[in-house]
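Asks: This is the structure, below, for whatever I ask next.
The values are calculated or read from the model by the stated rules, or taken from the named source; none is laboratory data. Computed from a predicted structure; not experimentally measured. In case anyone asks, the SASA skips ligands and DNA or RNA and just uses the protein heavy atoms, side chains included. Shrake-Rupley method; radii C 1.70, N 1.55, O 1.52, S 1.80 Å.
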Amino acid sequence: MAFVELEKKGLIGVLTINRPEALNALNDQVISQLSEVLDTVDPGETRCLIVTGAGSKAFVAGADIAQMSKLTKEEGTAFGKLGNDVFRKLETLPIPTIAAVNGFALGGGCELSMSCDIRLASETAVFGQPEVGLGITPGFGGTQRMARLVGPGKAKELIYTARNIKAPEALAIGLVQAVYPAEELMAEAEKMANRIAGNAPIAIRACKKAINDGLQTDMDKAVEIEEELFGSCFDTADQKNAMTAFLEKRKHDPFENK
Ligand code: DAK
């Protein structure tokens, strides 16, 4: 059974969590398949990845509560590690990622969206970290990524109260970058993904690495990371192609990822 599907659309990929009967809840099978599918994404061929959920109701309604309810302490720790390892794999995927949040993004679903570079939401999207109402903490990076994305005060308010928020509030606090009518979400996500895919892929991968690695260190180290990645672009055909075209007042040739 394919709980995770990957569709290639030209230079972009669309990864769908496909378990609509349980609102795409993440059990260990779904998480393992997500890991396997991410391993198949080839940055040479795919320049931007959209992550979404099957059906019209949910992105992902969280980790699977039925499965989690039976876990021992050791199994809970192992489940947390499985999820964290896969979400980190997604977060550090070399190519840009866009979460197209098409409905409930609760618990592990909100955490999945926060492991993507950019979040676009439908007007029907609902975000939240309901874990403390279930007697647990967010376990797939929610305490860490939420605080980094919206600031510690807002993250603590949302996590301590287990309050769900709708798309407009998610937009207002910077958790999502844009909100669209549900029927337009995927087209808008694909438009953004294709726009990204049209830019120099090696430079974009360097930007992603510079932002992600830089945010984890102090500013002196962070600018060194930027300098090194900036320098590495001058070894690429794409840089030469684009700068030569600019100087010759013409459009550059399509980027070759070289
Ligand atoms: N798990 C399992 N099944 C789920 C589910 C979930 N998270 N969410 C929904 N479903 C299932 C429902 O049980 C139902 O199944 P059937 O009864 O039809 O068999 C089906 O999906 C449709 O759901 P509803 O009938 O409930 O649909 P409604 O429209 O009435 O309600 C809802 C939609 C999203 C408001 C509701 O389903 C809901 O509240 N779902 C749970 C949301 C939630 O609390 N999610 C957070 C889960 S906790 C950790 C690792 C991970 C985590 C924490 C720690 N470590 C190991 C440390 C992560 C935790 C979480 O994600």
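Asks: So if each residue of separation counts as 0.36 nm, and I subtract the Cα-Cα distance between residue 71 and residue 160, what length gain in nm does that give?
Replies: That pair, residue 71 and residue 160, stretches by 29.7 nm at full extension.
Asks: Right, another one. Based solely on its DSSP helices, what 222 nm [θ] is calculated for the chain when runs of n ≥ 4 H residues each add -39,500 (n - 2.57) and the sum is averaged over all residues, nearest 500 deg cm²/dmol? Kindly include the intermediate steps, with their values, before the conclusion.
Replies: Values: 11 runs with 120 residues, N = 258.
Value at 222 nm, helices only, nearest 500: -14000 deg cm²/dmol.
Asks: Related question: When the accessible area of the chain is computed with all protein chains present and a 1.4 Å probe, what percentage of it is carbon and sulfur?
Replies: 58 percent
Asks: Distance between the C-alpha centers of segment 131-189 and segment 15-85? Whole Å please.
Replies: 17 Å
Asks: Run down the aspartates and glutamates and flag those whose C-alpha is under 18 Å from the C-alpha of residue 166, throwing out any fewer than 8 positions away in its chain.
Replies: Cross-link targets: 111, 123, 131, 157, 183, 184.
Asks: Counting heavy atoms of the protein chains only and a 1.4 Å probe, report the per residue accessible area for the chain as a whole number of Å². Intermediate results must be reported in sequence, preceding the final value.
Replies: Values: 12990 Å² over 258 residues.
Here the residues of the chain average 50 Å² of exposed surface.
Asks: Just reorder 120, 23, 215 by solvent-accessible area, largest first, 1.4 Å probe, all chains present.
Replies: If we order 120, 23, 215 from most to least accessible, we get 215, 23, 120.
Asks: Please compute the length gained on full extension between residue 252 and residue 144, using 0.36 nm multiplied by the number of residues separating them and subtracting their Cα-Cα distance.
Replies: Working: separation 108, 0.36 × 108 = 38.88 nm, distance 4.06 nm.
Residue separation times 0.36 nm, minus the Cα-Cα distance, leaves 34.8 nm.
Asks: Still on this structure, please answer the following. Taking a 26 Å limit on the Cα-Cα distance, which of the listed pairs 8/154; 208/240; 209/249; 9/208 fall beyond it?
Replies: 8/154; 209/249
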